[in-house]
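To start, the structure under review is shown below, and the notes come after it.
The values are calculated or read from the model by the stated rules, or taken from the named source; none is laboratory data. From a predicted model like this one, the values you see are computed outputs, not experimental measurements. Glycine also receives a Cβ, built like all others from the backbone with ideal geometry; neighbour counts cover every protein chain displayed. We work out accessible area using only protein heavy atoms, side chains counted, and drop any ligands, DNA or RNA first. Shrake-Rupley method; radii C 1.70, N 1.55, O 1.52, S 1.80 Å.
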Amino acid sequence: MTPVLEFRSVTAAYGPFRALFGVSYTLAPGEALALVGSNGVGKTTVARVASGLVVPTEGSVLVAGRDMTGSKPYRFARAGVAHATEGRSVFATLTVEENLSLSFRRVRGRRGVRSGLELAYEMFPVLGRRRGQLAGSMSGGEQRMLSMARVMVEIPKVLVADELSLGLAPIIVAELYDTLRRLRGEGTSLLIVEQQVGHALDLCDRVIVLDHGSVSWTGSSAEATGVVTQAFDPVH
Ligand code: ATP
């Protein structure tokens, strides 16, 4: 089966600083892959390359078998790659429903807004309860859910989730992972970048460990438990 996402010997740099050295991996349709490693090893850079935000200096990136190396991020988005980060991207002075409607209109057209809202409220019940609230007045965790809902309702082919649990209360992290699980059930493949690996190992089939810009280990989640526990002391 053609992978939905593939890196072939990807090298990436910020100016003279090389952050990735020949990283290769594939993400199969419907698969969930965890990318783990300690601070500064290049995980975010892999996520950025996967969504076109960083262009490799060598190697190539394929989406559903198509070489996308050097394409603009919007082309990656059109090819079905969605990128969610720990950053919050909501309009503080609009309500929850207005925030959602704006992005749904872009991806689903005017008529799709209603069904998009229904899906978002089903995935994130807390947003349904807060639909009339100004986004800027919600907690950090709720704002992150709102920005996640905007991405997820597109049911992307691939979701690149970069450190989504960062700074969130454990109960919110658990909800977030439930949502990721459901999204996977809808057929989305997941590339989960995490430093706290507990939830990621539960959700994912396979694990890649990154070290100083290179893949140092890859294997199944079951095999990874020992390896990764030693390396990062995960919070579970
Ligand atoms: P963390 O878990 O701390 O976010 P990471 O594994 O995601 O780390 P990256 O953010 O990919 O790592 O960074 C890899 C290396 O590239 C780091 O040494 C970092 O300092 C460097 N780097 C990242 N972004 C830039 C940038 N915009 N300009 C210069 N160097 C950068």
Quick check: at a probe of 1.4 Å, how many percent of the accessible area of segment 97-151 sits on carbon and sulfur atoms?
47
Sorted by chain and then number, the residues having a modelled amide H within less than 5 Å of the amide H of Gly30, at least 5 places away or on another chain, are Ser189
Suppose we look only past 23 Å in the calculated P(r) of the chain. What percent of the Cα-Cα pairs does that tail hold?
48
Sequence gap at least 6, Cα distance under 8 Å: using those rules, report the relative contact order of the chain to the nearest whole percent.
27
Degrees between helix 113-123 axis and first principal axis of the chain (Cα, 0 to 90, nearest 10):
70
Any chymotrypsin sites (Phe, Trp or Tyr not before Pro) in segment 1-96 that lie in a DSSP loop and have at most 15 other Cβ atoms within 10 Å would be Phe91
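Starting from 0.36 nm per residue, how many nanometres of slack lie between Leu166 and Thr2 once their C-alpha separation is accounted for? Walk me through the numbers before you get to the answer.
Values: separation 164, 0.36 × 164 = 59.04 nm, distance 3.20 nm.
Between Leu166 and Thr2, full extension yields 55.8 nm more.
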Per-pair calculated FRET efficiency, R0 = 35 Å: Phe17 and Arg105 via Cβ, rounded to 0.05
0.30
What angle, in degrees between 0 and 90 and rounded to the nearest 10, separates the Cα long axis of helix 170-185 from the longest principal axis of the Cα atoms of the chain?
80
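Largest first, how would Lys72, Lys43, Lys157 line up by accessible area (1.4 Å probe)?
Details: Lys72 130, Lys43 10, Lys157 90 Å².
The residues order as Lys72, Lys157, Lys43, largest area first.
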Counting only DSSP beta bridges fully inside the chain, the antiparallel percentage to nearest 5 is 55
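Helix-only mean residue ellipticity at 222 nm, the chain, DSSP H runs n ≥ 4 weighted -39,500 (n - 2.57), per residue, nearest 500. What is it? Working shown, then result.
On the way: 9 runs with 90 residues, N = 236.
Taken over the chain, the calculation gives -11000 deg cm²/dmol.
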When the chain is fully extended, how far beyond the present Cα-Cα distance does Ser139 get from Ile155, taking 0.36 nm per residue of separation?
3.3 nm
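What's the extension gain from Ser60 to Thr218 if we count 0.36 nm per residue and subtract their Cα-Cα distance?
Additional length available on full extension: 54.9 nm.
Find the accessible area per residue for the chain; the probe is 1.4 Å, ligands and nucleic acids are left out, and the unit is Å². Can you show the working numbers first?
Values: 10900 Å² over 236 residues.
Heavy-atom SASA per residue in the chain reads 46 Å².
Taking 1 over the mean of 1/r across every pair of different Cα atoms in segment 109-185, what Kirkwood radius in Å do you get? Mind showing how you got there, number by number?
Working: mean 1/r = 0.0766 Å⁻¹.
Evaluated over segment 109-185, this radius sits at 13.1 Å.
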